[in-house]
Amino acid sequence: MVTCVNDAMFPGTGQAVVRLLRRLGVEVDFPQAQTCCGQPMVNTGYLDEAVPAVRAFTRAFEGYDAIVTPSGSCAGSARHQHQIVAKRSGDVGLVAAVAETSPRTYELTEFLVDVLGVTDVGAYFPHSVTYHPTCHSLRMLGVADRPTRLLQAVRGLRLVDLPKAEECCGFGGTFALKNSDTSVAMGTDKARHVRSTDAEVLVAGDNSCLMHIGGMLGRGRAGVRVMHLAEILAATEDQPAEVAR
Amino acid sequence: MTGTFVGMPAFPTAAREALADTQLRHNLAHATGVIRGKRAAVVGEVENWEDLRLAGAAVKDRALRDLDEQLVRLEESLTARGAVVHWARDAEEANRIVIDVARAHAVDEVVKVKSMVTQEIGLNEALEAAGVAAWETDLAELIVQLGGDLPSHILVPAIHRNRAEIREIFLRRMGEVGRPAPDDLTDEPAVLAGAAREHLREKFLRARMAVSGANFAIADTGTLVVVESEGNGRMCLTLPEVLVSIVGIEKVVPSWAELDPLIRLLPRSSTGERMNPYTSTWTGISPGDGPQEVHVVLLDNGRTRALADDVGRQALRCIRCSACLNVCPVYERTGGHAYGSVYPGPIGAILNPLLKGTGDPQTDSLPYASSLCGACFEACPVRIDIPEVLVHLRSKVVDSHREDRIPKPEAIAFRGAAWAFADERRLGRLEKLSGVAGKVLRRRSPVVGRIPGPGAAWTDARDLPAPPTESFREWWNRTDGGKADG
Amino acid sequence: MASARDEILGRIRTALRDVEPDAEPVLSPPGARVPEALGLIDHFAERVADYRATVVHCAPDGLATAVAAALPVGSRVVVPAGLPEAVLAGITHPVRDDGLTASELDLVDAVVTCARVGIAETGTIVLDHEPDQGRRAITLVPDLHVCVVRADQVVPDVPDAFPLLDPVRPLTWISGPSATSDIELDRVEGVHGPRHLYVIVVGSAPSR
């Protein structure tokens with residue numbers, strides 16, 4: 001699952017996941033029927049409106065061994081929220097379909113470390129990097145140190161500790177719009193901590209959070225670039241990462 | 001003398017004002033930082049903390065699962081030990097019971113143990129209207145009361161005040177209601193605490209009636225429990241002749257032995273101590289020791305409404321430790337007043353709508369006052385899944401507007417999203433439009449700066465990346481899944 | 001009109017229609033183990049002292065001397081009616097509590113009592129206000145509380161204390177002197193309760 005945000009806004013992340021997984025010998029497909037995990041609707045309270053997305057999800061991913069997504073948030077939605085939506089719909093078929101897809105959904109680093117059993121993915125990225133653990137990967141999924149283990153194994157990469165790393169960046173989906181002032185106050189502090197590391201790149205496992213922090217850093221004219229973890233893990237000497245954003 | 005939360009604006013508006021107060025943000029960041037560190041240290045030294053959390057949650061759940069039976073047993077055991085048990089459906093009924101007791105003893109003042117429930121029901125204001133002065137005796141409550149202020153934290157109601165502000169309040173106000181603060185008062189916390197000791201001691205020594213809440217009420221034995229630090233609680237529970245305790249019906253613990261995990265969880269989660277300085281337990285009347293007339297008011301005031309919500313009822317496990325406030329990144333920045341209730345922070349964001357029901361714009365704004373980061377759930381000693389309940393309450397707010405004749409723009413937008421996400425072909429068409437916009441925008445800059453309209457909520461403070469010229473889906477189809485990519 | 005009691009109980013029953021009760025009491029997880037290097041009594045003493053209480057250790061025959069040393073010269077000292085002779089021997093002019101008023105207690109400097117249980121892990125002493133400890137008020141109003149704890153009364157952690165305590169008696173759990181963190185969450189010892197807690201541990205731990 002590439003996720004709707006990545007599909008529309010950050011195709012490079014999806015492309016990186018495809019490159020990375022193929023390099024590791026995984027047969028990758030992009031089922032065309034996928035749309036969105038439904039989280040924006042669920043987290044704003046629109047459960048009925050999430051039903052079509054969850055239905056599309058189960059249809060698109062029926063029959064695959066694993067559903068891998070470069071987003072802790074979307075994986076969390078599939079694992080923890082789809083059943084709530086399905087039950088609400090009253091559609092027993094959907095409840096059964098979700099019971100099939102939910103447990104097979106993995107956030108990228110979970111899939112790499114737990115299913116493929118690798119921490120060294122053969123990546124090369126000669127830059128200083130600081131890592132922001134996004135809330136849903138950290139607390140909803142419990143990915144723990146999987147991302148940092150993967151990053152530490154990247155050749156050339158220097159990992160710098162981010163102060164108050166585990167504190168939320170303030171994105172929070174529609175929270176960023178509904179409580180924009182508070183969201184910005186949180187993002188400002190996060191951006192300050194990122195700048196204090198002097199790292200060249202801020203990395204995270206969720207482009208939504210990065211879009212928020214990156215937007216704050218951009219407005220502050222800081223020279224820190226933001227990149228999705230997948231893009232760093234996909235980078236090699238032959239195919240270096242684009243560090244544009 | 002005290003302020004009121006009535007008429008507070010919805011959270012985003014109240015938060016905006018709080019965020020602009022740099023002194024407040026400094027006070028809060030400092031205080032929550034200190035308490036987070038303390039909590040982490042003492043929680044870290046308990047090997048089986050997760051087992052304790054499970055046990056604590058299980059005890060509270062067991063009490064809630066047959067709450068009617070538990071309350072009937074509590075009433076029986078209290079009555080057998082000489083206490084008078086009252087039942088109150090709502091705030092007004094509870095306040096009237098307290099006022100009647102005060103009148104029966106012809107007292108014109110009561111001393112109070114810090115209690116969330118008496119704030120919830122507005123007891124001080126009701127007593128004042130009945131001609132009875134209610135003296136708050138907890139240091140932070142005293143600061144709030146003297147300052148004509150509102151509480152902003154469950155454990156430390158005056159967390160928004162720093163030492164200099166507290167000194168000023170003491171100097172200005174203590175003399176008007178009792179023993180004045182000494183002229184040479186400094187802003188040292190120890191000196192300020194000393195001034196509170198002197199000020200309140202005369203009130204403790206002469207008070208004939210006290211009002212308390214209770215942290216726990218043991219159904220089997222009729223034992224009430226008050227957990228505190230300063231000894232003001234002990235003063236109130238021990239010295240007066242008459243004691244009235246107002247107890248929310250969710251405070252029940254089935255048996256004495258089952259209090260154990262809760263007593264181990266609360267202080268470490270709350271003040272970050274292995275144990276709080278004082279815990280008092282009493283069971284009805286003890287002849288020759290303490291108040292010889294003891295009343296217990298069992299209060300509903302919305303708790304049965306919360307109990308009826310199968311997702312939300314877990315909030316009734318709350319033991320008011322305030323760990324969720326201290327770890328909350330939203331609370332840390334906005335403070336407690338923005339929540340417009342005596343129950344602020346993450347727990348307040350769920351407890352208020354559960355107790356009051358949805359429908360009021362201020363209450364309805366609370367479930368949205370969270371980025372759903374989950375830090376609160378992680379810290380909660382009784383494992384209340386606050387993010388789960390927040391999302392659930394958001395759906396209740398949305399559902400309550402489904403019959404609106406004129407839907408909100410947001411509702412229309414989500415209906416549109418539901419339509420688009422039902423089918424990838426619809427989504428694909430929208431992405432093509434976005435790609436066209438991206439081509440136009442990217443000619444100027446890879447980011448979008450400030451834009452007007454609804455997008456302003458984002459772009460007023462953050463850049464927005466311009467959409468790419470090609471979506472992932474288009475790339476996949478053009479390159480045969482990347483295989484034909486140059 | 002239904003009484004408040006009936007109405008509340010009715011609302012609860014309606015709210016819980018879908019819920020089955022849990023008959024079995026919840027079992028408590030075990031408490032902390034005593035650090036082997038320290039032993040139970042030293043662990044207790046260290047944890048009590050953490051709260052900035054004074055802790056001393058004495059042999060049974062040194063109890064009177066230890067009590068005397070805890071009390072500033074010339075202190076007015078209140079004692080419970082059932083204070084053991086061995087403790088009383090250390091107090092020059094004890095005032096036996098016979099129902100002193102709060103204001104009278106306010107003129108007293110110190111109180112000397114025994115205890116019911118000591119909890120090592122949390123540095124807590126629990127009073128159950130038996131005659132060797134007296135009414136709750138006498139250990140509250142005076143500014144210095146000297147508390148004698150027998151080594152065989154000390155248990156490792158909170159779950160060990162629960163079965164030893166009778167909840168029908170009033171209980172006071174004391175962990176250090178009174179304290180507050182209400183000003184900038186800075187901990188300050190000494191508010192309304194005794195500002196000084198002095199714990200005397202008598203004897204050695206029984207072999208377990």
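The values are calculated or read from the model by the stated rules, or taken from the named source; none is laboratory data. As the structure is a computational prediction, the values presented were derived from the model and not from experiment. Note that each Cβ is placed from the backbone with ideal geometry, even for glycine, and that neighbours are counted across all protein chains shown.
Condition (residue is surrounded by fewer than 20 Cβ atoms within 10 Å (Cβ to Cβ), in contact with a helix residue (DSSP H, G or I) (Cβ under 7 Å, 6 or more places away or on another chain), in the same structural domain as A:T13 (by TED's automatic domain parsing) and at negative phi) applied to region A:32-45: is it met by at least one residue? Scanning region A:32-45, I find at least one residue that is surrounded by fewer than 20 Cβ atoms within 10 Å (Cβ to Cβ), in contact with a helix residue (DSSP H, G or I) (Cβ under 7 Å, 6 or more places away or on another chain), in the same structural domain as A:T13 (by TED's automatic domain parsing) and at negative phi, so the answer is yes. Among the candidates B:L299, B:L307, single out the residue that is among the aliphatic types (A, V, I, L, M), within 10 Å of chain C (Cβ to nearest Cβ), touching a residue at least 12 places away in the same chain (Cβ under 8 Å) and in contact with a Lys or Arg (Cβ under 6 Å, 6 or more places away or on another chain). That would be B:L307, the only listed residue that is among the aliphatic types (A, V, I, L, M), within 10 Å of chain C (Cβ to nearest Cβ), touching a residue at least 12 places away in the same chain (Cβ under 8 Å) and in contact with a Lys or Arg (Cβ under 6 Å, 6 or more places away or on another chain).
For residues that are over 14 Å from B:A83 (Cβ atoms) and either touching an Asp or Glu at 6+ places or on another chain (Cβ under 6 Å) or in contact (Cβ under 8 Å) with a residue 60 or more places away in the chain (or both), tally how many sit in region B:217-234. Counting residues in region B:217-234 that are over 14 Å from B:A83 (Cβ atoms) and either touching an Asp or Glu at 6+ places or on another chain (Cβ under 6 Å) or in contact (Cβ under 8 Å) with a residue 60 or more places away in the chain (or both) gives 6.
Here A:A8 does not qualify as surrounded by fewer than 22 Cβ atoms within 10 Å (Cβ to Cβ), assigned to a loop (DSSP other than H, G, I, E, B) and either among the polar types (S, T, N, Q) or at the interface with chain B (Cβ under 7 Å from one of its Cβ atoms) (or both). B:H401 satisfies every condition listed in (1) closer than 24 Å to A:Q81 by Cβ; (2) at the interface with chain A (Cβ under 9 Å from one of its Cβ atoms) except (2). Within region B:123-139, not a single residue is on the phi > 0 side of the Ramachandran plot and within 12 Å of chain C (Cβ to nearest Cβ). Among the helices (runs of 4 or more DSSP H) confined to region B:361-457, the ones with at least 1 residues that are surrounded by 13 or more Cβ atoms within 10 Å (Cβ to Cβ) and in contact (Cβ under 8 Å) with a residue 40 or more places away in the chain are located at B:361-365, B:375-379, B:386-399, B:424-442. In summary, helices (runs of 4 or more DSSP H) completely within region B:141-245 and bearing 1 or more residues that are surrounded by fewer than 23 Cβ atoms within 10 Å (Cβ to Cβ) and more than 9 Å from every other protein chain (Cβ to nearest Cβ) occur at B:163-177, B:189-206.
What are the residue pairs meeting all of these: first residue in region C:78-107, first residue closer than 14 Å to C:A66 by Cα, second residue assigned to a loop (DSSP other than H, G, I, E, B), Cβ atoms under 7 Å, and 6 or more apart or on different chains? Final answer for the pair search is C:I91/C:L71.
Checked against the criterion of being within 29 Å of B:R268 (Cβ to Cβ) and surrounded by fewer than 22 Cβ atoms within 10 Å (Cβ to Cβ), the candidates B:D68, B:D51 yield just one match: B:D51.
One residue alone among C:S178, C:S103 is hydroxyl-bearing (S, T, Y) and within 18 Å of the chain's Cα centre (by Cα), and that residue is C:S178. Taken over region B:283-299, the residue count meeting the criterion of being touching a Ser or Thr at 6+ places or on another chain (Cβ under 9 Å) and among the hydroxyl-bearing types (S, T, Y) is 1. Residue count for region B:106-129, restricted to those that are under 22 Å from B:R201 (Cα atoms) and either loosely packed, with under 15 Cβ neighbours inside 10 Å or without any contact (Cβ under 8 Å) to a residue 12 or more places away in the chain (or both): 3. Within region C:42-78, the set of residues being more than 14 Å from chain B (Cβ to nearest Cβ), part of a loop (DSSP other than H, G, I, E, B) and closer than 24 Å to C:V141 by Cα comprises C:L71, C:P72, C:V73, C:G74, C:S75, C:R76.
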